[in-house]
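The values are calculated or read from the model by the stated rules, or taken from the named source; none is laboratory data. Keep in mind that what you see is a predicted model, and the values were worked out from it rather than measured. Reconstructed Cβ throughout: ideal geometry from the backbone, glycine too, with neighbour counts over all protein chains shown. Note: areas computed on protein heavy atoms with side chains; ligands, DNA, RNA excluded. Shrake-Rupley method; radii C 1.70, N 1.55, O 1.52, S 1.80 Å.
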Amino acid sequence: MSKKVLLAAGHSVIEPLGLLHIATVARQEGFEPKIRIFRGSDFSCLEETIKDFNPDFLGLTVYTGNHNEIFGYLREFKDKHPKIPIILGGPHATYFPKDSAKHADYVVLSEGFDSFRRILRGQVAPGIIPLVKQEQFPAANREEFYRDYPKFRDSPIKSIITQTGCPFSCTYCYNSSTLENHKDILTPEQYVQMQKALHPLGRLFPRSLRTVDEIVSEIVEIKRLSSATQMIYFQDDVFIGTGNEWMKEFRDKFMPLGLSFHAQVRFEYVDPENPRARERLEMMREAGCTGLTIAIESADANIRKEVLNRPMKEELMFRVFEHLNTLGYKVRTEQMLGLPYGATENQTKVGLEADIETLELNVRLKEATGLPTMA
């Protein structure tokens, strides 16, 4: 009888990308993986699958926001299925490993490929599992997932990630957390081991970049599995590759696929005053990029700089949008409502007044540049 692992995540319109890659690690280690998507606090699909599938492990991706529902379920799970070890990974497990460890046998700290592999091999004791070494992305295991969830298969938009990590340090982002945050939960030996495994910045989620060939291979597989595919949405926090040489290779190899794509960028990387940024945008457009998502977050410069650590200037936003409009890009902006105002050097608007000000900035941008397309 083959060994089995049940992998689960909360519902999203985006495929559970982490689990698709983790499922391949399970296969490499001789386990049959199965992915299940639950909605809110309804975990009935997991219970039904456990009856038929009889897994040797249960692994869940946890985000801050659905952690309470998951932890509540796991308290009951231990009573019902005491012999099935629980593995937790994802941003919440990495941010709050001590809390997560109260509800699981294994808590994966940081990138999970190698740690998950060692858990399945029985090479680590239960507890918080620090990163020992980075691994290249395994291929995404989409075929069975699309079979079990045809709505994802039949969507014209498919999501891919080309890299993890981010060079910026926004205060609200899990990408900004560092190993220093967890000195108290690791032994000195574990701390040194993890220091070696992480990027020199010491980020808990280190940068890991896939090759263009790996990305293209995944898209070819997606097209094979789903004739409905029309667009790729690159879910990287910042779609930059390793620079313009990488982007040139990407352009040349993506164009023959006959698909469009959408990407997420930052204002700083698409500033038309920078010749390399202009070149990058032109190559992306030639490759098939039709739209970009760019975060404004707040209209107030003090909030952006002092609360969020996003010190971009308003003039940059107008300059970028004017240029993007001339290139024919569609743009979606993102912003935060209900931010913690009032702790800045200069007085700022608070509450609804602050949020309306952010809406007004989008309106002014639209009037002056023709973008954003949506906010």
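Observations
- The stretch 73-110 and the stretch 298-375 have Cα centres separated by 38 Å.
- Globularity index of the stretch 15-124 is 0.99 (Cα radius of gyration / 2.2 N^0.38 Å, N = number of residues).
- Extreme residue, positive dipole direction of the stretch 298-375, given options Y329, L316, L359 (C-beta unit charges): Y329
- Ellipticity estimate at 222 nm from DSSP helix runs (n ≥ 4, -39,500 (n - 2.57)) divided over the chain, nearest 500: -11500 deg cm²/dmol
- Placing a label point 7 Å from the Cα of E286 along the Cα-to-Cβ direction, the residues of the stretch 224-262 with a backbone N closer than 14 Å are 244-256.
- Å³ per residue enclosed by the Cα convex hull of the stretch 95-198: 162
- On the principal axes of its alpha carbon atoms, the stretch 161-309 extends 51, 39, 28 Å, with the longest extent given first.
- By the rule of a C-alpha distance below 24 Å, with chain neighbours fewer than 8 residues away ignored, the lysines paired with K133 are K98, K183, K196.
- Look at the alpha carbon pairs under 8 Å that are at least 6 residues apart: their mean separation over the length of the stretch 9-160 gives a relative contact order of 27 percent.
- For D56, residues with placed amide H under 5 Å, excluding near neighbours: K4, V5, L6
- The stretch 85-161, accessible surface, carbon-and-sulfur percent (1.4 angstrom probe): 54
- For GluC sites (Glu not before Pro), the sites in the stretch 337-366 that DSSP calls loop and that have at most 14 other Cβ atoms within 10 Å are E345.
- The simple spin-label model puts a point 7 Å past each Cα toward its Cβ; for V216 and K253 those points are separated by 0.5 nm.
- Calculated P(r) of the chain - Cα pairs past 40 Å, %: 18
- Residue-by-residue Karplus 3J(HN,Hα) for the stretch 54-64, coefficients 6.51, -1.76, 1.60, Hz, glycine and proline x: 6, x, 8, 9, 10, x, 10, 8, 10, 10, 5
- Remark: relative contact order (the stretch 196-315) = 21 percent; criterion is Cα-Cα distance under 8 angstrom and separation of 6 or more residues.
- Where no second cysteine Cβ lies under 4.7 Å, the cysteines concerned in the chain: C45, C166, C289
- The GluC sites (Glu not before Pro) of the stretch 23-73 that meet both conditions, a loop assignment by DSSP and at most 16 other Cβ atoms within 10 Å of the site Cβ, are E29.
- Projecting label points 7 angstrom from Cα along Cα→Cβ for S2 and V132 puts them 2.6 nm apart.
- Label separation (T242 vs E306): 4.1 nm, computed from points 7 Å beyond Cα along the C-beta direction.
- Label point of T187 set 7 angstrom out along Cα-Cβ; within the stretch 128-159, amide nitrogens under 19 Å from it belong to 128-133.
- Charge tally around E143: other residues with Cβ under 14 Å, Lys/Arg +1 each, Asp/Glu -1 each, net +2.
- Lys, Arg +1 and Asp, Glu -1 on Cβ, resulting dipole of the chain about Cα centre, debye, nearest 20: 840
- Structural descriptor for the chain: relative contact order 11 percent, calculated from alpha carbon pairs under 8 angstrom and at least 6 residues apart.
- When nucleic acids and ligands are ignored and a 1.4 Å probe is applied, S227 ends up with an accessible area of around 120 Å².
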